[in-house]
Amino acid sequence: MPAVALHVADLRFRWPGQTAPCLDIPHLEVAAGERVFLYGPSGSGKSTLLGLLGGVSVPERGRVEILGHPLNALPARKRDRIRADSIGFLFQQFNLLPWLSAIDNVLLPCTFSALRRDRAGAERSPVAEAGHLLTQLDLAPDSWHKKAAELSVGQQQRVAAARALIGRPEIIIADEPTSALDAERQQVFVDLLLRETAAADAALVFVSHDHRLAAHFDRRIALNEINRAVQEASEVVP
Ligand SMILES: Nc1ncnc2c1ncn2[C@@H]1O[C@H](COP(=O)(O)OP(=O)(O)O)[C@@H](O)[C@H]1O
Ligand SMILES: [Mg+2]
């Protein structure tokens, strides 16, 4: 595995209609297996940066490399393949398919990536691996076959985390996945996610505006400190 999970150089991005760039980041690197807490106020560009790191958006300028692959130099198909194989996403609203069971939601990445399906099936079957991850994340078997829509918010969050982890992607990208929980349950969830990310040898980029959750990460990064566009951005926000 390359020693560097994510590498960003001279990254610049502006949303259509914005006069000033939203992001202007000279340098950012996340090592393989490193767990990073990225924080900043609402509207500071955290989700925008995650979209660029995941190859969902394309920068106006600069480089984003995932495991040594230069995303912006690749055709869209290849970018999609690297994303599906190498990145587990954990979203603020979880983005579960409500009509699918918990287990089937966890298995979704294995339908988009043969690599993750093979890895999920390496020690046990992919279904058994999904159950194993849900168990590690404290979701009891009586919930595994319930539709996602019938689960509590806390249970949905665990399903979303297991889905990000299945098939051992090298990078987990988590965008404020705790904001729907109370403070105590947030910390419990973050600790579970850190433990399981370490068990999978994955790098983690965890975004939050709540600095109280930062304690157990390897590194803390303030977006406003690495983003040169922050001065200009604050001028256009009333
Ligand atoms: N899809 C979009 N189209 C246009 N502007 C956007 C879009 N998403 C976010 N923005 C703008 O980009 C800036 C950063 O937003 P965002 O990355 O969502 O911040 P954060 O995740 O830190 O709250 C904001 O000014 C926001 O209005
Ligand atoms: Mg956001």
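Taking square-rooted eigenvalues a ≥ b ≥ c of the alpha carbon gyration tensor, is segment 120-179 rounded, prolate or oblate, where a/c under 1.5 means rounded and, failing that, a/b exceeding b/c means prolate? Judged from the Cα gyration tensor, segment 120-179 comes out oblate (a/c at least 1.5, b/c at or above a/b). Rolling a 1.4 angstrom probe over segment 92-238 with all protein chains present gives an accessible area of which 52% lies on carbon and sulfur atoms.
Taken per residue, the accessible surface of segment 1-103 reaches 45 Å², heavy atoms only and a 1.4 Å probe. Taking every C-alpha pair closer than 8 Å and separated by at least 6 residues, the mean separation divided by the residue count of segment 1-87 gives a relative contact order of 34 percent.
Compute the relative contact order of the chain as a whole-number percentage, counting only Cα pairs closer than 8 Å that sit 6 or more residues apart in sequence. RCO, the chain: 30 percent. Multiplying the residue separation of THR19 and ARG228 by 0.36 nm and removing their Cα-Cα distance gives an extension gain of 73.7 nm.
In a simple Cβ point-charge model (Lys, Arg +1; Asp, Glu -1; nothing else charged), the chain has a dipole of about 560 debye relative to its Cα centre. Using the Cβ-Cβ distance between VAL58 and ALA140 with R0 = 30 Å, the FRET efficiency computed as 1/(1 + (r/R0)^6) comes to roughly 0.10.
Compared with the alpha-carbon gap, the fully stretched path from ALA183 to LYS147 is longer by 10.3 nm at 0.36 nm per residue.
Just going by the charge dipole of segment 132-238, with Lys and Arg at +1 and Asp and Glu at -1 on Cβ, which of ALA161, LEU134, LEU181 is farthest out on the positive end? Projecting each Cα onto the dipole axis, the largest value belongs to LEU134.
Solvent-accessible surface of segment 108-238, averaged per residue with a 1.4 angstrom probe and all protein chains in place: 47 square angstrom.
The values are calculated or read from the model by the stated rules, or taken from the named source; none is laboratory data. As the structure is a prediction and not an experimental result, all values here were calculated from the model. Positions of Cβ are backbone-derived with ideal geometry, glycine not excepted, and every protein chain shown enters the neighbour counts. The protein model used for the area step is the full one, side chains on, heavy atoms only, and it has no ligands, DNA or RNA in it. Shrake-Rupley method; radii C 1.70, N 1.55, O 1.52, S 1.80 Å.
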